[in-house]
1. Looking only at segment 124-140, decide whether some residue is assigned to a strand (DSSP E or B) and in contact (Cβ under 8 Å) with a residue 40 or more places away in the chain.
2. If we scan segment 199-213, do we find a residue that is over 17 Å from Asn101 (Cα atoms), small (Gly, Ala, Ser) and assigned to a loop (DSSP other than H, G, I, E, B)?
3. For Gly181, are the conditions met, namely being touching a Lys or Arg at 6+ places or on another chain (Cβ under 9 Å), assigned by TED's automatic domain parsing to the domain that holds Thr118 and surrounded by 17 or more Cβ atoms within 10 Å (Cβ to Cβ)?
4. Applying the selection to segment 141-172, what residues are of a type in the set (A, V, I, L, M, F, W, C) and in a strand (DSSP E or B)?
5. Failed condition for Trp142, given (1) surrounded by 14 or more Cβ atoms within 10 Å (Cβ to Cβ); (2) in contact with a Lys or Arg (Cβ under 7 Å, 6 or more places away or on another chain); (3) more than 30 Å from Thr241 (Cβ to Cβ), with all others met?
6. In segment 225-243, which residues are of a type in the set (Lys, Arg) and in contact (Cβ under 8 Å) with a residue 40 or more places away in the chain?
7. Can you tell me which residue in segment 83-98 is nearest to the chain's Cα centre (by Cα), limited to those that are at pLDDT below 95 and over 14 Å from Asp228 (Cα atoms)?
8. Filtering segment 93-120 down to residues that are touching a residue at least 24 places away in the same chain (Cβ under 8 Å) and hydrophobic (A, V, I, L, M, F, W, C), which residue is surrounded by the fewest Cβ atoms within 10 Å (Cβ to Cβ)?
Amino acid sequence: MLVKLFKIMKNHGIWQQVTREWGIRIGLTLLAIVWLTLMAASWADAADNPRETNDDYSFSWLDPEKRIYVLQNRRYAKAHKLMLSLLSGVGVSNPYRTTYNLDPRVAFYFSEAFGIETFYTQTSNKSNTTFNQLQDASPTTWPLVREVRSQMGVTAQWVPWYAKINVFNKILYLDWYFSAGVGTMQTALETRTTAKGASSFTDQSFTAWYFGTGHHYYLNDSFSVRLDFLGAAYRAPVAPTSSTNAWYSNYNFDIGLGWRI
């Protein structure tokens, strides 16, 4: 009976399929057993023969009494320190102006996770290619041009993430922070309506809500390179003589140097 059943399975190719499936399962099971055996031997050897008695990098496989400092330890601290920064970058919000920023800042960190920072941003503006092409194509059609001249405010900083990066076999330490605060924004609104004549601006000041994020890349105990994004939201008139206000935004990307003292 078994011989007859075997012949039927062989003639219909069922036997080859069954043996192939069971062969794969048995092979994977044997591979798993060999891997677990090798890993168990390696763990036992590491536990019995640590490289150093007080080696922080010998985990003793997650013994809660051991200190695991691969990522947790901070080589560079900022708590209870003042940080002076000088940043420079570009603005990316004005469709008709190319803008450059100079941004000095002063920050104090109450702990490694929380701090407060004040800033003043001076912005220079010049007409970009879009504005010049529009001016050449339609001299009598004048867009609404509002230049950001300066910003000033105070933000609270939260630094939830600390990390290390291996860069060309060198360890780079960084903090990733988020910020939010309030301040003022000084702007200038173009009042002329055609391309003829000289530029004429009206100064305007608005309350702005600031939000941002950035990185500190530590060079040594005193200095760090900063990458920073700062956004602002403010309400302003939609036209020079309009009483209707709308929300506007402004975004700056800066890079600079921080000095902890």
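The values are calculated or read from the model by the stated rules, or taken from the named source; none is laboratory data. Since the structure is predicted, the reported quantities are computational estimates derived from the model, not experimental observations. Neighbour counts run over all protein chains shown; Cβ positions are idealised from the backbone, glycine included.
1. Taking segment 124-140 as the starting set, the residues that turn out to be assigned to a strand (DSSP E or B) are 124-127.
If we keep only those that are in contact (Cβ under 8 Å) with a residue 40 or more places away in the chain as well, we get none.
No, segment 124-140 has no match at all.
2. Yes: segment 199-213 contains one or more residues that are over 17 Å from Asn101 (Cα atoms), small (Gly, Ala, Ser) and assigned to a loop (DSSP other than H, G, I, E, B).
3. Details: touching a Lys or Arg at 6+ places or on another chain (Cβ under 9 Å): no; assigned by TED's automatic domain parsing to the domain that holds Thr118: yes; surrounded by 17 or more Cβ atoms within 10 Å (Cβ to Cβ): yes.
Considered against the rule, which asks whether it is touching a Lys or Arg at 6+ places or on another chain (Cβ under 9 Å), assigned by TED's automatic domain parsing to the domain that holds Thr118 and surrounded by 17 or more Cβ atoms within 10 Å (Cβ to Cβ), Gly181 comes out as no.
4. Just the residues of segment 141-172 that are of a type in the set (A, V, I, L, M, F, W, C), to begin with: 142, 144-145, 148, 152, 154, 156, 158-159, 161, 163, 165, 167-168, 171-172.
Those that are of a type in the set (A, V, I, L, M, F, W, C) and in a strand (DSSP E or B): Val148, Met152, Val154, Ala156, Trp158, Val159, Trp161, Ala163, Ile165, Val167, Ile171, Leu172.
5. Result: Trp142 fails condition (3) only.
6. Of segment 225-243, the ones of a type in the set (Lys, Arg) are 226, 235.
Matches in segment 225-243: Arg226 only.
7. Looking at the filtered set, the residue picked out is Ser93.
8. The residue in question is Phe110.
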